Amino acid sequence: MAGSVYKIIEVVGTSPESWEKAAHTAIDTAGKRLKDLRVAEVIKLDMKVEEGKVTAYRARLSLSFKYHPESA
């Protein structure tokens with residue numbers, strides 16, 4: 001049985017509402033282009049602040065997906 005290989009990338013999703021929606025934005029957008037998306041790990045959460053108020057939530061995710069050498 002042959003093993004599998006996975007590639008890992010980082011993406012940042014944003015939302016004016018919440019970190020959860022920011023993470024969903026990252027997954028939804030990346031999932032449109034990446035085949036066999038397998039695991040998403042939230043590695044950092046932060047906020048954009050303007051004039052003392054939170055204007056955006058940002059979620060940095062590490063994504064792994066199955067590597068297909070024939071399509072690389």
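The values are calculated or read from the model by the stated rules, or taken from the named source; none is laboratory data. In this text the structure is predicted, and so the values were computed from the model without any measurement. Positions of Cβ are backbone-derived with ideal geometry, glycine not excepted, and every protein chain shown enters the neighbour counts.
Details
- Of the residues making up region 37-54, those that are within 20 Å of the chain's Cα centre (by Cα) and among the β-branched types (V, I, T) number 3.
- Cβ pairs under 6 Å, 6+ apart, first in region 33-48 and touching a residue at least 12 places away in the same chain (Cβ under 8 Å), second basic (K, R) and not in a loop (DSSP other than H, G, I, E, B): D36/K66; I43/R60; K44/R60; D46/R58
- Hits in region 1-14 (condition: without any contact (Cβ under 8 Å) to a residue 60 or more places away in the chain and either of a type in the set (A, V, I, L, M) or part of a loop (DSSP other than H, G, I, E, B) (or both)): M1, A2, G3, I8, I9, V11, V12
- The set of residues in region 15-48 being within 30 Å of S4 (Cα to Cα), out of contact with any helix residue (DSSP H, G or I) (no Cβ under 7 Å at 6 or more places or on another chain) and in a strand (DSSP E or B) consists of R38, V39, E41, I43, K44.
- Hits in region 49-72 (condition: among the acidic types (D, E) and under 20 Å from S4 (Cβ atoms)): E70
- Which numbered condition L34 misses (of (1) out of contact with any His (no Cβ under 8 Å at 6 or more places or on another chain); (2) at pLDDT 95 or above): (2)
- Of all residues making up region 49-72, the number that are without any contact (Cβ under 8 Å) to a residue 24 or more places away in the chain and either surrounded by 12 or more Cβ atoms within 10 Å (Cβ to Cβ) or part of a loop (DSSP other than H, G, I, E, B) (or both): 3
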